[in-house]
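Structure first, then comments.
The values are calculated or read from the model by the stated rules, or taken from the named source; none is laboratory data. Nothing here was measured: the structure is a model prediction, and the numbers come from that model. Every residue, glycine among them, receives a Cβ derived from its backbone with ideal geometry; neighbour counts consider all protein chains shown.
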Amino acid sequence: MDTIALLLTIVGALNWGLIALFQFDLVAWLGGGQDGLLSRVVYGLVALAGIWCITLLFRNKREALSE
């Protein structure tokens, strides 16, 4: 689950980079526009992955403290 979340977060970060640098939304382009169902699913998955990755910050600290 961690790997999938990190991959989706990377996809989101790269997409935001493309938007910032070139004003090109790759997810919207592949998914039929920002309102397209596929695009909305990908945006939602990226958001959930970002939330999941927040737990990685705290999990690493807990593991280090228990050692």
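Numerical summary
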read-out	value
Those residues of the range 3-28 which are part of a loop (DSSP other than H, G, I, E, B), at negative phi and either loosely packed, with under 14 Cβ neighbours inside 10 Å or in contact with a Pro (Cβ under 7 Å, 6 or more places away or on another chain) (or both), in sequence order	F24
Selection count where residues are over 16 Å from the mean Cα position of the chain (by Cα) and exposed (fewer than 12 other Cβ atoms within 10 Å of the Cβ), scope the range 34-55	2
Residue check, A47 of a type outside the set (S, T, N, Q), over 15 Å from L6 (Cα atoms) and modelled with pLDDT of 95 or more	no
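Per-residue answers, yes or no, for (1) at pLDDT below 95; (2) in contact with a helix residue (DSSP H, G or I) (Cβ under 8 Å, 6 or more places away or on another chain):
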| residue | (1), (2) |
| --- | --- |
| A5 | no, yes |
| I10 | no, no |
| N15 | no, yes |
| I19 | no, no |
| V27 | no, yes |
| Q34 | yes, yes |
| V42 | no, yes |
| N60 | yes, no |
| A64 | yes, no |
